[in-house]
1. Rounding to the nearest 10 and keeping the result within 0 to 90°, find how far the Cα-based axis of helix 3-31 lies from the longest principal axis of the chain.
2. Go from 0 up to the bin containing the longest alpha carbon distance in the chain, width 5 Å each, and give me the % of pairs per bin.
3. With runs of 4+ DSSP H residues as the only contributors, calculate the mean residue ellipticity of the chain at 222 nm using -39,500 (n - 2.57) per run, divided by the residue total and rounded to the nearest 500.
4. Which angle from 0 to 90°, rounded to the nearest 10, does the C-alpha axis of helix 64-75 make with the longest principal axis of the chain?
5. Round to the nearest 10 and give me the degree value, 0 to 90, for the angle of helix 40-58's Cα axis relative to the longest principal axis of the chain.
6. Sorted by average packing, counted as other Cβ atoms within 10 angstrom per residue and highest first, what order do 64-74, 33-43 take?
């Protein structure tokens, strides 16, 4: 095989791996509270992930996973997608007729509800 084809396949495989990791991170952000019971380290990692999720949705910060995926796609010879993971993949697959603003609001609400869940747990624990 030609070296350029091998390099392209290699970068494509890496881009797909980052895409998979990105999807897992989003699942962790949305459903992580289900896994953190009686695991304080996981709980704090999840809280940090929730805060990161809110900040990347509301502020003009690029997600490092999106940047890495785009760079790998570019190295593979594929035109990188513009916009973030949520807008590109989830919007087209799950919510094709919802505006990017509504998708951002929904993501922030999901993160805020998770944080409220943790806040309630702390409040209940302190009352005991």
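FYI, it's all coordinate maths here, none of it is from the lab. Computed from a predicted model, the values in this text were never measured in an experiment. Positions of Cβ are generated from backbone atoms using ideal geometry, with glycine treated the same way; all protein chains shown enter the neighbour counts.
1. Compared with the principal axis, the helix lies near 10 degrees.
2. For the chain, the binned pair fractions read 2, 10, 16, 19, 16, 13, 10, 6, 4, 2, 1, 1, 0, 0 percent.
3. Value at 222 nm, helices only, nearest 500: -24000 deg cm²/dmol.
4. Compared with the principal axis, the helix lies near 10 degrees.
5. 60 degrees
6. 64-74, 33-43
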